[in-house]
Amino acid sequence: MRLSTRIALWAAAVVPLLVVLAGLLLLPLVGRDLRHQQDARLGERAAALLPSVRALVAADSKGRPKVEQNQQRKVVDAALDLGVRVTGTDGGVLLSVGPQPDGPEGASALPTEPGGGPVTVRDHGTSWRVLTWAVGGNGRGSGSGLLQVIAPTGPADRQAAAVRRRVLLVALVSAPVAALLGFALAERATAPLRRLSRRAAGLDPAAAPAGPTGPTGPGSPESPGSSGSPGGHGFLPERTGTAEVDELSSALALLLTRYDEQARRTAQALDTARAFSADASHELRTPLMSLRTNLDVLAAHPDLPADDRDEVVAELRQDHARLLDLLTALSTLARGDLVQLDAFQPVDLAELVDAAAEEARRRHPGTVFAVHAPAELRVFGWESGLRIMLANLLGNAAVHGGADGAPARVAVRLAAEGAQARLTVDDNGPGVPPEDRAAVFQRFHRRRDSPGSGLGLTLVAQQAALHRGTVALTSPPDGTGCRAEVTLPLPRPDAPTLELPARRDWLSGPGR
């Protein structure tokens with residue numbers, strides 16, 4: 001059942017009920033007002049009759065019939081449509097005119113003493129309002145005459161009955177009228193909902209463009225809540241003037257945007273998994289074949305001389321280490337492509353540099369590392385990613401930074417320069433020719449004699465991009481060796497903490 005139909009049925013049921021309830025509250029008030037009007041009329045008429053009735057009672061008590069007759073005529077003329085009953089001081093009825101209880105039961109029901117106000121008496125199913133006043137004598141009823149002004153309650157009852165009928169009529173008429181009005185108002189009120197429903201029903205997930213792959217950060221064009229593109233769903237909230245509909249429209253747009261974002265993340269994760277599998281199968285082919293060859297040699301020549309056997313075992317160890325390094329680097333590269341903004345937090349970069357230098361000294365005991373860093377320098381970043389970047393920078397300098405068989409000497413400097421943190425890693429090696437400095441950050445780019453996987457500097461470039469920084473290879477100031485320079489933005493209170501790149505495909509995209 002449509003919402004407008006439900007509202008119309010509820011209106012048809014509730015409005016008449018409210019009318020009846022209002023009538024039930026109103027009818028006692030109307031009856032009371034009618035009685036007050038009737039009582040006020042009785043009091044006014046009694047006050048008008050009182051002088052003539054006093055003269056009538058006095059004439060009766062003094063035995064003056066002519067005066068009595070004259071006063072009776074005055075009372076009759078003033079009674080009009082009300083009943084008047086006058087009782088003398090001896091209890092006898094001096095005058096009885098107009099409508100009043102005429103049966104013995106009704107007459108006996110009339111008050112015999114003056115009261116404080118009108119009272120109701122009944123005679124043969126008919127109700128009467130009676131106002132009794134004392135006249136003459138001591139004025140307190142005993143030995144006094146009585147004036148009784150009487151009026152039937154029928155007119156007031158008929159008016160109350162008419163009001164009751166009108167209430168019922170209004171209740172009957174209000175049912176269809178309320179249903180029609182409720183339906184019309186509900187149709188108008190639900191029109192924005194119907195339009196929103198048609199727009200939502202018209203969305204075609206199959207037609208939505210894939211959009212740029214990769215998660216987004218706050219403030220990027222694809223992030224929820226930004227003022228840019230709504231994403232692949234093409235649904236934009238519109239202002240209808242109805243708060244509830246506008247809130248629902250905004251919530252639906254946000255939900256679809258988050259759905260698109262999750263779809264992009266899922267697609268990127270699948271691309272990353274495919275790239276990981278393809279790169280692993282391609283890059284592992286050579287070391288695996290070498291492993292197989294060396295294992296076949298050991299199996300085919302159990303009596304191989306000790307020196308030859310040691311050489312084969314050493315090659316097996318090297319191939320195993322290369323396999324392990326390659327898988328670790330590919331896994332780390334995939335982690336960087338899939339990292340989310342909630343992994344970022346304030347990090348002390350100076351502390352990470354000191355820790356990375358200590359680890360490098362342990363891994364490369366023949367290399368001399370000199371670190372120059374402040375006591376504290378905080379950036380907003382992914383701690384694991386920054387550790388990966390520092391480990392690869394120092395490891396690359398240790399492996400390639402030596403010259404003429406001499407151990408490498410690596411100088412690490414960290415300082416804050418304006419709104420950036422600047423990290424330099426200098427070595428005394430042969431350096432990198434200017435024409436090759438951009439290519440070293442591409443995947444699997446390495447020298448012929450390099451023992452690495454060709455992904456170390458790619459990981460450095462990936463982490464610099466994730467942190468909205470830069471990385472470049474140059475020459476040290478003295479012109480000898482190689483300098484790797486990384487700049488990272490420092491946190492600013494007047495700017496967003498971090499915005500992740502809109503596109504991250506260091507593993508699944510083309511080589512860089």
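Read-outs: derived from the displayed coordinates by stated rules, not from any lab. Since the structure is predicted, the reported quantities are computational estimates derived from the model, not experimental observations. Here the Cβ positions follow ideal geometry from the backbone for every residue, glycine too, while neighbour counts run over all protein chains shown.
Below, the figures for the structure above:
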read-out	value
Spin-label model distance (nm) - Asp354 vs Arg32, 7 Å beyond Cα toward Cβ	8.8
Footprinting exposure proxy for Lys74, Lys62 (fewest neighbouring C-beta atoms within 10 Å first)	Lys62, Lys74
Length released on extending from Val97 to Val368, taking residue separation times 0.36 nm less the Cα-Cα span	83.9 nm
Normalised per residue, the volume of the convex hull around the Cα set of the stretch 16-87 (Å³)	82
Nitroxide proxy distance, nm - points 7 Å out along Cα→Cβ at Ala300 and Ala415	6.1
Leu193 paired with Arg387, simple spin-label distance in nm, labels 7 Å along Cα-to-beta-carbon	5.4
Chain lengthening between Glu113 and Ala251 when straightened (0.36 nm per residue, less Cα-Cα)	41.7 nm
